[in-house]
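What follows is a set of notes on a single structure, which appears directly below.
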Amino acid sequence: KLASLALQPAITPELVQGRVHLKCSYSPPPPEPPVQFRVLWSRLSSPGKREQIQQETTPEVFSYLEMDGANLRLGDTVFCTVTAFRRGSPEQQSLPEDSKGFYAGIKFLPESLEIAEDGKEHVLTVLSTVPIACPGQDDSCKITLQLSTEDLGKSAPGPPDIVLSACQVDLLPGPCSGGSCAAARVTVTAVTDFAQDGKRVSRLSARPAAPGDVLWRAYTPRDVKVTVRDLPTGNCYSFTDPHIITFDGWRYDSHKIGTFLLSRSESRAFEVHVRQWDCGGHRSATACNCGVAAR
């Protein structure tokens with residue numbers, strides 16, 4: 001019998017005549033005697049279970065399988081299993097060798113995020129593990145992903161706890177390397193909501209927008225779970241005939257008439273102006289808040 005040949009099958013994505021294919025490559029054994037290969041393609045149908053897609057016998061040290069959107073779809077995890085045997089003696093065969101599972105589709109890196117209400121931006125990379133192909137659209141070839149967020153509250157869903165730097169990203173065709181054939185970046189920031197609402201979980205979803213390629217038409221990438229950790233919020237006040245309490249708890253009164261700068265951020269475009277008018281009459285000089293403007 002043929003011993004284990006260390007064929008080391010591996011799957012890589014490739015464009016063949018403008019269409020997305022997966023290529024299974026394996027190391028050839030010594031040239032004598034002549035050897036053929038049986039290549040079995042399968043995909044993960046449920047955890048721990050595989051479903052056969054295609055099988056072929058070939059003298060070549062590679063095998064191709066097209067991602068046609070029917071037998072093989074985006075979102076599938078694909079394997080190739082290779083067995084070598086002597087030509088004319090199929091009973092003399094090596095032990096079958098499996099490739100690693102190849103996930104064909106959109107990936108988010110990192111796959112989940114835990115962030116805090118501290119205003120920091122967190123970079124999320126959206127990448128495609130398969131080439132972007134646009135048959136007949138060579139001039140403007142891209143896949144646009146529509147991004148959306150949703151709060152996964154325990155009771156009724158509320159407004160999302162996160163904001164994105166963009167509502168959509170474009171994946172443009174390029175050479176495949178390091179497991180990525182096209183990539184884009186978006187930043188995620190937690191909403192500072194002034195509410196003591198503990199940890200909240202939001203979901204970030206991506207949907208291909210009006211794809212020309214049938215491969216992308218019915219595809220929904222996996223969502224990203226974003227957990228937002230609550231941070232205590234600072235408060236300042238101006239009330240009645242204005243008593244003022246600052247962020248650090250300092251208290252004083254202001255009885256002046258006019259428009260004043262109440263608060264301004266040193267790190268972002270945020271400020272609050274307050275207008276005070278005379279409300280004490282002839283007996284006492286007292287001012288009251290009568291208007292506010294916030295940016």
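Miscellaneous remarks
- Matching label, Cα Rg over 2.2 N^0.38 Å computed from the structure shown, candidates (1) 1.25; (2) 1.60; (3) 1.02: (2)
- Simple rule: put +1 on each Lys or Arg Cβ and -1 on each Asp or Glu Cβ in the chain, find the dipole, and look at G174, A116, Q36; the Cα lying farthest toward the positive end is Q36.
- Full extension of the chain between D197 and S265 yields a length gain of 22.1 nm, computed as 0.36 nm times the residue separation minus the alpha carbon distance.
- Computed from point charges on the beta carbon alone (+1 for Lys and Arg, -1 for Asp and Glu), the dipole magnitude for region 141-295 about its Cα centre is near 300 Debye.
- Around T227: net Lys/Arg minus Asp/Glu count, Cβ-Cβ under 11 Å: +2
- Between K256 and C236, the simple spin-label model (points 7 angstrom out along Cα→Cβ) gives 1.4 nm.
- Computed [θ] at 222 nm, helices only, for the chain once each DSSP H run of length n ≥ 4 contributes -39500 (n - 2.57): 0 deg cm²/dmol
- Restriction of the chymotrypsin sites (Phe, Trp or Tyr not before Pro) in region 223-255 to DSSP coil positions whose beta-carbon has at most 13 other beta-carbons within 10 angstrom yields F247, W250.
- Among the trypsin sites (Lys or Arg not before Pro) in region 91-127, those located in a DSSP loop and surrounded by at most 13 other Cβ atoms within 10 Å of their own Cβ are K100, K120.
- Accessible area, probe 1.4 Å, largest first, for residues E97, E150, E114, E266: E266, E114, E150, E97
- Positive-end extreme of charge dipole, region 196-295 - chosen from H243, W216, W277 (charges on Cβ): W216
- Charges were assigned to the Cβ only: +1 to each Lys and Arg, -1 to each Asp and Glu. The resulting dipole of region 106-229 about its Cα centre is roughly 300 debye.
- Dimensionless Rg over Rh [region 106-229; C-alpha; Kirkwood]: 1.03
- Protein heavy-atom surface of the chain, 1.4 angstrom probe: 52% of the accessible area is carbon and sulfur, with nucleic acids and ligands not counted.
- For S165, net neighbour charge (Lys/Arg +1, Asp/Glu -1) across residues whose Cβ lies under 15 Å away: +1
- Sequence-distant contacts, meaning Cα pairs under 8 Å at least 6 residues apart, place the relative contact order of the chain at 14 percent.
- Accessible surface for the chain, divided over its residues, is 58 Å² per residue with a 1.4 Å probe.
- Dipole moment magnitude, nearest 20 debye, the chain about Cα centre, only Lys, Arg, Asp, Glu C-beta charged: 260 debye
- Taking trypsin sites (Lys or Arg not before Pro) across region 156-249, the ones in a DSSP loop with at most 16 further Cβ atoms lying within 10 angstrom of their Cβ are K199, R222.
- Cysteines of the chain lacking any other cysteine Cβ under 4.7 Å from their own Cβ: C167, C236, C290.
The values are calculated or read from the model by the stated rules, or taken from the named source; none is laboratory data. The model shown is predicted, which means the values in this text are computed figures rather than measured ones. Here Cβ is always computed from backbone atoms with ideal geometry, including for glycine, and neighbour counts include all displayed protein chains. Side chains included, ligands, DNA and RNA excluded: accessible areas come from the protein's heavy atoms. Shrake-Rupley method; radii C 1.70, N 1.55, O 1.52, S 1.80 Å.
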